[in-house]
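Engineer: The structure is given below, and queries will be raised subsequently.
The values are calculated or read from the model by the stated rules, or taken from the named source; none is laboratory data. Predicted model only: the values in this text are computed from it and were never measured. Positions of Cβ are backbone-derived with ideal geometry, glycine not excepted, and every protein chain shown enters the neighbour counts. These accessible areas exclude ligands, DNA and RNA; they are computed on the full protein's heavy atoms, side chains included. Shrake-Rupley method; radii C 1.70, N 1.55, O 1.52, S 1.80 Å.
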Amino acid sequence: MNETLPMDEKYRVGLARYRQEYKESLENPESFWKEKAKIIDWFSPFDKVLDDSKKPFYRWFINGKTNMSYNCLDRYANNEKRNKVAYIWVPEKGEEKVVTYYGLYRRVNAFAKALLNLGIKKGDGVTIYLPMILEAPIAMLACARIGAVFNVVFSGFGEEALAQRIDDSNSKTVITADGGFRKGKIIELKKIVDAAIDLSKGVDNVIVVKNANNKINMESGRDYYYDQILEDGYVKPEELDSSDPLFILYTSGTTGKPKGIVHGNGGYPVWVANTLKWGFNPKDEDRWWCAADIGWITGHSYIVFAPLLLGMTSIMYEGAIDYPKPDRMWDIIERYGVNILYTSPTAIRLLMKYGEKYPLSHDLSSLKTLGTVGEPINPAAWHWYYDVIGKSRCPIIDTYWQTETGGFTIAPSAHLGLPDLKPGSATFPMPGIDPVIYGDDGKEVKDGEKGYIVLRKPWPGLMLTVNRDEKRYMDVYFSKFPEQYLMGDYAIKDKDGYYWLLGRSDEVLKVSGHRIGTIEVEDELVAMKEVAEAAVFGKPDTVKGDTIIAFVTLKDGYEKSVEVINSIKKRVRADLGPIMVPEEIHIVDAVPKTRSGKIMRRVIKAVYLNQLPGDISTLENEASVEEIKKAVEIIKKEEGD
Ligand code: WT7
């Protein structure tokens, strides 16, 4: 675990500058952030850096007025940067499209005007359910321009998940496409939107981008084609307050209801722009490829906002990284001369499985820096990435963060000074981040001991709140260790001060880097007519991190059968989306619970994985464990047949 890889001399500017800035950020946050906030333009300056009078609801850059769309576009579109490429959009199939800063500015203005014409105004909720097409960032920026609060829903979510987000975000407008492409197949997005609207409280406008040209229903008076409502011209960006909400993004937690994480107009842009600069040290001529989906925070912060705030050129890729062939990612890097690649451990492990011959058949010499995010990276994947893809000359920026933190919290800094890297460690905190590792008793653990990672001080990228649920904001993040931010992960700090992230400390899974709440899936299962009880847990998977396993009991009158299992899976897919479908559903006679009635997922998991359960004395009846054991035996036998 403590293998250290000295960085190439050319990357070494020494750690002195990093240490100096880091120290400054914690000791003099007022002057530090006053300076760093200049990374964006302000229509009127803030009169105070931080207001912590209502902690833990911290507010940054008090009374500052700004606009994200202005900072991403107008600042570049009207000067010598106007012809700089903002995005090279690469479709799954066919020709790329290139859009300049000026082009993007025009398109965002035209769509902002269309939104205003529909009566959408500052503070209104707008749900964006789009595939990875240019209209996704355009829609986000157009909303930001007029101060509408957008909520992007990943296009892999199903109708119920979408309906829930439309309602919770108070959206009366949905922006979608007829369809999206996934490995040559069309995903019928408009159809899913229609079904979701039926389940929701109702919406007034649906804006549809023609993308896949599949047949769809258009409801007159409610549905509009995107290209028919655009109106060329200029829309003055709203002068928004730092603490006005910019967007809501939902993430799974430990209850059935996803949390709407709210980010604002002031602190968030300052944080994402500075962290991208610190982490990756992008240069004006670089081509940056963040291979995430815009439906997740990585896409928001590091495909859309931070790169545009810094005036960078990004690759935006529509499709799957191994389609049509396993060399797709390497082909794109070579074809477009990508300099910085930012992807996930899951992607690396998937591509690693296909073998070295795919990357070796491409010229990857344009690469300078590599990045990873989403889950801990295992040393084997780290080495493959470093050796085979980066040819042992590109540092790996392992960025540890989450939806709620807005941007990187722990990551090596190519800009301020790279430490020698240790494969699997995210290394050191970003400026402003003050981590500590606590035991259950709230005392700091010794170096090398495992505990909860907690951030002691606020930073500008911290969410404003959980949408319509201040109590949940307090309970989930600030109650275990009062007034300090609980990240929900286990971690170790080693004797050299490096941080090692060890996975979630709550009942949330990481499936291909995406957070899936076990309870969310359980709630869906028990809402079905055949299911009585359900226990969901994660099974370690060498590519995906976790896969979803469900144990269920059936209601009287239902018999265990392949048909029942398939029909349950089909409904999870339609309601929640393909990413939430359990890989295996096992029907058993009982699920083990504690005396207080809490399902013991850990025990079931341990038995299932053939690891002896730690403490089964708190189980209500051990017979259910036996039954699970029996069930597992049967499955094993079935598999062996
Ligand atoms: C959770 C946040 C951050 C954007 C993508 C996921 C895990 C994330 C790392 C990393 C170890 C990581 C944590 C975190 N995680 N990055 N580099 N090393 N773990 O965002 O869905 O909000 O999930 O992802 O468990 O809490 P998210």
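Engineer: What pairs come out if I take residues in the stretch 1-20 that are over 16 Å from residue 386 (Cα atoms) and open to solvent by less than 70 Å² (accessible area, probe 1.4 Å) and pair them with residues that are part of a helix (DSSP H, G or I) and at pLDDT 80 or above whose C-beta lies under 7 Å away, six or more apart or interchain?
Structural biologist: Pairs that qualify, where the first residue is over 16 Å from residue 386 (Cα atoms) and open to solvent by less than 70 Å² (accessible area, probe 1.4 Å) and the partner is part of a helix (DSSP H, G or I) and at pLDDT 80 or above: there are none.
Engineer: Tally time: how many residues in the stretch 234-258 are of a type outside the set (Ser, Thr, Tyr) and open to solvent by less than 30 Å² (accessible area, probe 1.4 Å)?
Structural biologist: To start, the set of residues in the stretch 234-258 that are of a type outside the set (Ser, Thr, Tyr) comprises 235-241, 244-249, 253, 256-258.
So of that shortlist, the ones also open to solvent by less than 30 Å² (accessible area, probe 1.4 Å) come out as 235, 237, 240, 246-249, 253, 256, 258.
Number of matching residues: 10.
Engineer: Of the residues 585, 548, which is surrounded by 22 or more Cβ atoms within 10 Å (Cβ to Cβ) and either away from the ligand (no atom under 16 Å from the Cβ) or under 29 Å from the mean Cα position of the chain (by Cα) (or both)?
Structural biologist: Values: 585 fails: surrounded by 22 or more Cβ atoms within 10 Å (Cβ to Cβ).
Just one listed residue meets the conditions, 548.
Engineer: Listed residues 322, 232, 293, 284; which is in a loop (DSSP other than H, G, I, E, B) and within 16 Å of the ligand (Cβ to nearest atom)?
Structural biologist: On the way: 322 fails: within 16 Å of the ligand (Cβ to nearest atom); 232 fails: within 16 Å of the ligand (Cβ to nearest atom); 284 fails: within 16 Å of the ligand (Cβ to nearest atom).
Within the list 322, 232, 293, 284, the selection yields 293.
Engineer: Considering 376, 412, 423, which residue is in contact with a His (Cβ under 7 Å, 6 or more places away or on another chain), within 13 Å of the ligand (Cβ to nearest atom), closer than 26 Å to residue 6 by Cβ and touching a residue at least 60 places away in the same chain (Cβ under 8 Å)?
Structural biologist: 423
Engineer: Report, ordered by the first and then the second residue, all pairs with beta carbons closer than 6 Å, sequence separation of six or more or different chains, a first member in the stretch 447-458 that is touching a residue at least 60 places away in the same chain (Cβ under 8 Å), and a second member that is open to solvent by less than 80 Å² (accessible area, probe 1.4 Å).
Structural biologist: So the pair list comes out as 457/434; 458/58.
Engineer: Okay, next question. Within the stretch 473-509, how many residues are away from the ligand (no atom under 11 Å from the Cβ) and under 25 Å from residue 58 (Cα atoms)?
Structural biologist: 13
Engineer: Of all residues in the stretch 313-356 being surrounded by fewer than 18 Cβ atoms within 10 Å (Cβ to Cβ) and small (Gly, Ala, Ser), which is nearest to the chain's Cα centre (by Cα)?
Structural biologist: The qualifying residue nearest to the chain's Cα centre (by Cα) is 320.
Engineer: Where in the stretch 443-519 are there strands (runs of 3 or more DSSP E), lying wholly inside it, with at least 3 residues that are within 27 Å of residue 576 (Cα to Cα)? Break it down into steps so the answer makes sense when it comes.
Structural biologist: Working: elements: 450-455, 485-493, 499-504, 508-511, 514-517.
The strands (runs of 3 or more DSSP E) meeting that bar are 485-493, 508-511, 514-517.
Engineer: So which strands (runs of 3 or more DSSP E) stay within the stretch 11-101 end to end and still have 2 or more residues that are not hydrophobic (A, V, I, L, M, F, W, C)?
Structural biologist: Details: elements: 48-51, 59-62, 85-90, 97-100.
Output list reads 48-51, 97-100.
Engineer: With the requirement that a residue be free of Cβ contacts under 8 Å to residues at least 60 places away in the same chain and outside any strand (DSSP E or B), what does the stretch 168-186 give you?
Structural biologist: 170, 178, 179 - these are the residues of the stretch 168-186 that are free of Cβ contacts under 8 Å to residues at least 60 places away in the same chain and outside any strand (DSSP E or B).
Engineer: While we're on this one: Can we say residue 389 is within 15 Å of the ligand (Cβ to nearest atom), touching a residue at least 12 places away in the same chain (Cβ under 8 Å) and of a type in the set (A, V, I, L, M, F, W, C)? Break it down stepwise before answering.
Structural biologist: Values: within 15 Å of the ligand (Cβ to nearest atom): no; touching a residue at least 12 places away in the same chain (Cβ under 8 Å): yes; of a type in the set (A, V, I, L, M, F, W, C): yes.
So residue 389 does not fit the description; no.
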